[in-house]
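K.L.:
The structure's right below; bear with me while I get my questions together.
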Amino acid sequence: MSWRIAILAFLGLVLNPMPLVAAEQGNPLNALSEAQKDALAARVAAGVPRKPRVLVIGAVRGFHHESVSDAMTAFAVLGQESGVYDAELRTDFDLINAKGGEKMRFGFTPQGLGDFDALVLVNTTGEWGLSDDAKRALLSFVRDKGKAIIGVHGALDANYSWPDYAAMMGGGFGGHPLNTIDKPILNFPLVNEDEKSPITRHWPTYFSQLNELYVPKGFSRKDTRVLLRINQQKIETGPAGTSDIPIAWTRRYGDGRVFYSSIGHTRQSWRDPDVRKMYLEAIRWGLRLTSHAQDD
Ligand SMILES: [Zn+2]
């Protein structure tokens, strides 16, 4: 091919709009009316039960945990293997808005929280910078729509300028004074306070976890059900004022269900089948597929 022919061929490709137009016109859906599209979508969806949809957010605005990707992967795999839910993984907060809930015809194209049944927050540290509308949408998702929120470790270390967020989660981040510079990871002695809960019944009364665990701030047992706590009798160095250190709890927020655990700092925690089971069962509980004895 001479260079003249090569240039002419190139210009022909660039200037000729036919391939693009042909592709668009070739989409058979374009020939259908809206009613026909509805009917077709209903036929395609027939017999395919809709699973609960879980939005898993691993966006980070503060300290970045190396375990974020491991945790997000775990939540996707847990949904697939259990068949309990379908996970949508995101690394931004864009879907925290009041949109969603509209009919979907061909594929899942989420618009906002209205398209989900539960929200998992994976080490979402720092100030998220949500608009006032987005903040209202998140609180309303749980409180008014009766949906679930599952907070993982750094989800508590977030949104200090938004007190309603901590009020929903059941507390804020009070630091991790038991993990010092020379002991970033400790083998924590733990107490299972609720061996009948579907979320923690796979653990014995006393067990241990290698992790970095938080001391929550503004936490009250009055409106929260503690599942796991640090064993104060066994811990070597208990700083003053930290005699009660819950590390996993459930609570009601309006009509919705909230679960939080500070287990999940390390990559290793996401290879621990017991930790994975706790979070799968927390989602099941959040979706109202299981109950504690004292649930409504
Ligand atoms: Zn951490």
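K.L.:
Is there a residue in the range 204-225 that is more than 16 Å from the ligand (Cβ to nearest atom), modelled with pLDDT of 90 or more, within 20 Å of ALA155 (Cα to Cα) and not in a loop (DSSP other than H, G, I, E, B)?
P.N.:
yes
K.L.:
OK, next. Do you know which residues across the range 74-86 are in contact (Cβ under 8 Å) with a residue 24 or more places away in the chain and not in a loop (DSSP other than H, G, I, E, B)?
P.N.:
ALA74, PHE75, LEU78, GLY79, SER82, ASP86
K.L.:
Next question. If the requirement is being surrounded by fewer than 17 Cβ atoms within 10 Å (Cβ to Cβ) and touching an Asp or Glu at 6+ places or on another chain (Cβ under 6 Å), which of these qualifies: ARG221, ARG201?
P.N.:
Of the residues listed, the single one that is surrounded by fewer than 17 Cβ atoms within 10 Å (Cβ to Cβ) and touching an Asp or Glu at 6+ places or on another chain (Cβ under 6 Å) is ARG201.
K.L.:
Quick one: in the range 157-166, of everything that is of a type in the set (Gly, Ala, Ser) and not in a loop (DSSP other than H, G, I, E, B), which residue is nearest to the ligand (Cβ to nearest atom)?
P.N.:
It comes out as ALA158.
K.L.:
Looking at (1) at pLDDT 80 or above; (2) of a type outside the set (Asp, Glu); (3) farther than 17 Å from PHE108 by Cβ, which one does ARG43 not meet, given that it meets all the others?
P.N.:
(1)
Residue-by-condition table, conditions (1) within 16 Å of the ligand (Cβ to nearest atom); (2) surrounded by 15 or more Cβ atoms within 10 Å (Cβ to Cβ); (3) assigned to a loop (DSSP other than H, G, I, E, B); (4) within 16 Å of the chain's Cα centre (by Cα):
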site	(1), (2), (3), (4)
LEU40	no, yes, no, no
VAL54	no, yes, no, yes
PHE63	yes, no, yes, no
GLU66	yes, no, yes, no
SER69	yes, yes, no, yes
MET72	yes, yes, no, yes
PHE93	no, yes, yes, yes
ILE96	no, yes, yes, yes
TRP128	no, yes, yes, yes
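K.L.:
Kindly indicate whether any position in the range 279-286 is closer than 20 Å to ILE150 by Cβ, buried (at least 23 other Cβ atoms within 10 Å of the Cβ), modelled with pLDDT of 95 or more and over 18 Å from the mean Cα position of the chain (by Cα).
P.N.:
The answer is no, given that none of the residues of the range 279-286 is closer than 20 Å to ILE150 by Cβ, buried (at least 23 other Cβ atoms within 10 Å of the Cβ), modelled with pLDDT of 95 or more and over 18 Å from the mean Cα position of the chain (by Cα).
K.L.:
Regarding the range 111-120, can at least one residue be identified that is touching a helix residue (DSSP H, G or I) at 6+ places or on another chain (Cβ under 6 Å) and among the β-branched types (Val, Ile, Thr)? Steps first, please.
P.N.:
Our first condition is that a residue be touching a helix residue (DSSP H, G or I) at 6+ places or on another chain (Cβ under 6 Å); within the range 111-120, this holds for 113, 118, 120.
The next check asks that each one be among the β-branched types (Val, Ile, Thr); those that pass are 120.
Within the range 111-120 (the criterion being touching a helix residue (DSSP H, G or I) at 6+ places or on another chain (Cβ under 6 Å) and among the β-branched types (Val, Ile, Thr)), the answer is yes, since at least one residue qualifies.
K.L.:
Against the condition buried (at least 21 other Cβ atoms within 10 Å of the Cβ) and polar (S, T, N, Q), how does SER261 come out, does it pass?
P.N.:
Working: buried (at least 21 other Cβ atoms within 10 Å of the Cβ): yes; polar (S, T, N, Q): yes.
Answer is yes for this residue.
K.L.:
Right, here's the next one. Go through the range 163-197 and give me each residue that's over 17 Å from PRO246 (Cα atoms) and either surrounded by 18 or more Cβ atoms within 10 Å (Cβ to Cβ) or outside the structural domain of ALA248 (by TED's automatic domain parsing) (or both).
P.N.:
Correct list: TYR165 only.
K.L.:
Filtering the range 189-216 down to residues that are of a type in the set (D, E, K, R) and more than 24 Å from the chain's Cα centre (by Cα), which residue is farthest from ARG284 (Cα to Cα)?
P.N.:
Within the range 189-216, the subset of a type in the set (D, E, K, R) is 193-196, 201, 212.
Filter once more, keeping what is more than 24 Å from the chain's Cα centre (by Cα): 193, 195-196.
Details: GLU193: 20, GLU195: 17, LYS196: 15 Å.
The extreme case among them is GLU193.
K.L.:
Could you check how many residues of the range 168-200 are in a strand (DSSP E or B), within 15 Å of the ligand (Cβ to nearest atom) and over 14 Å from ASP157 (Cβ atoms)?
P.N.:
2
K.L.:
Looking at this structure, is GLY154 in contact (Cβ under 8 Å) with a residue 12 or more places away in the chain, small (Gly, Ala, Ser) and either surrounded by fewer than 19 Cβ atoms within 10 Å (Cβ to Cβ) or within 16 Å of the ligand (Cβ to nearest atom) (or both)? Step through it out loud before you land on a result.
P.N.:
On the way: in contact (Cβ under 8 Å) with a residue 12 or more places away in the chain: yes; small (Gly, Ala, Ser): yes; either surrounded by fewer than 19 Cβ atoms within 10 Å (Cβ to Cβ) or within 16 Å of the ligand (Cβ to nearest atom) (or both): yes.
Yes: the conditions hold for GLY154.
K.L.:
Hey, does the range 220-230 have a residue that's in contact with a helix residue (DSSP H, G or I) (Cβ under 7 Å, 6 or more places away or on another chain), in contact (Cβ under 8 Å) with a residue 12 or more places away in the chain and among the aliphatic types (A, V, I, L, M)?
P.N.:
Looking through the range 220-230, none of the residues is in contact with a helix residue (DSSP H, G or I) (Cβ under 7 Å, 6 or more places away or on another chain), in contact (Cβ under 8 Å) with a residue 12 or more places away in the chain and among the aliphatic types (A, V, I, L, M).
The values are calculated or read from the model by the stated rules, or taken from the named source; none is laboratory data. The structure presented is a predicted model; accordingly, all values stated were derived computationally and were not measured. Neighbour counts run over all protein chains shown; Cβ positions are idealised from the backbone, glycine included.
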